[in-house]
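K.L.:
Let me give you the structure first, and then I'll get to my questions.
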Ligand code: ADP
Ligand code: MG
């Protein structure tokens, strides 16, 4: 079972990916909780360096790095874990690169083609939250803004996510205005249903 969490920065996806991992582990499942950009490869480090302005890279170069990172992530972490029967939970995956990337390169077809050979998640949880609230939450988290966290752009990025939710199967749009507990419960029910089937 391969589960992805997606949404705008600040929408609460990392919080819920951790909670679901804990919950499923508590139920006796073997779980791999992972994320993109990866923290396990030099490519993931390059991507973070670009997002945090330590290195400037062209928008297309950055998109290619995301794809390279994903190829490595699948080959070294995700596929072996799935083969072992583990539940793999990834905090961000290809819908995030397509949604965020479509703003940077304005060529969604190219981005989709870069990703078309990659395994799709069995379930995707897409967190829906007003960009204004996302920004408030990020500020509360106390981290510096990354390149992608500029307010006026988040609305457009959300539109791209919504288009993807129409195009692909098994995307559950989550009302991220609810409490952490309520969302956790909702997600747990959906995940249990898939794991039982
Ligand atoms: P993301 O990974 O989507 O950027 P995080 O999970 O890191 O979001 O959450 C961003 C901030 O919002 C954190 O401070 C987190 O504690 C808080 N948060 C997460 N979920 C909720 C929620 N449902 N209601 C209120 N605050 C939340
Ligand atoms: Mg996060």
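K.L.:
Find how many whole Å separate the alpha carbon centroid of region 75-103 from the alpha carbon centroid of region 1-67.
P.N.:
One Cα centre to the other: 8 Å.
K.L.:
Turning to a different aspect of this structure: Based on the mean of other Cβ atoms within 10 Å per residue, sort peptides 55-66, 92-103, 70-81 so the most packed one is first. Provide the component values of the computation, followed by the final result.
P.N.:
Working: 55-66: 15.5, 92-103: 24.2, 70-81: 17.1.
Sorting 55-66, 92-103, 70-81 by mean packing, highest first, produces 92-103, 70-81, 55-66.
K.L.:
Is any residue of region 9-37 close enough, with backbone N under 13 Å, to a label point placed 7 angstrom from the Cα of residue 118 along the Cα-Cβ axis, and if so, which?
P.N.:
Within reach of a label on residue 118: 35-37.
K.L.:
If you don't mind, another one. Compute the length gained on full extension between residue 45 and residue 83: take 0.36 nm times their separation in residues and subtract their Cα-Cα distance, giving the result in nm to one decimal.
P.N.:
Additional length available on full extension: 11.0 nm.
K.L.:
Here is a further query. How do 34-41, 12-19, 174-181 rank on mean C-beta neighbours within 10 Å, highest first?
P.N.:
My ranking of the peptides, most packed first, is 12-19, 34-41, 174-181.
K.L.:
Using just the C-alpha positions of region 1-104 as equal point scatterers, what log10 of I(q)/I(0) does the Debye formula give at each q in 0.10, 0.18, 0.24, 0.25 1/Å?
P.N.:
Here the Debye-derived log intensity ratios amount to -0.29, -0.88, -1.34, -1.40.
K.L.:
Test of understanding: what is the full-extension gain from residue 133 to residue 179, defined as 0.36 nm times their sequence separation minus their Cα-Cα distance?
P.N.:
Details: separation 46, 0.36 × 46 = 16.56 nm, distance 1.33 nm.
Gain on stretching residue 133 to residue 179: 15.2 nm.
K.L.:
Separate question: Starting from the coordinates of the alpha-carbon atoms of the chain, obtain the Kirkwood hydrodynamic radius over all distinct pairs and give the value in Å to one decimal. Don't skip to the end; give the middle numbers.
P.N.:
Details: mean 1/r = 0.0586 Å⁻¹.
With all distinct Cα pairs of the chain included, I get 17.1 Å.
K.L.:
Rounded to the nearest 0.05, what FRET efficiency do residue 27 and residue 75 have when you use their Cβ-Cβ distance and R0 = 30 Å?
P.N.:
Details: r = 28 Å, r/R0 = 0.94.
Efficiency at R0 = 30 Å is approximately 0.60.
FYI, it's all coordinate maths here, none of it is from the lab. Predicted, not measured: the structure shown is a model, and the values here were computed from it. Quick reminder, even Gly has a Cβ in these numbers, built from the backbone with ideal geometry, and neighbours come from all protein chains shown.
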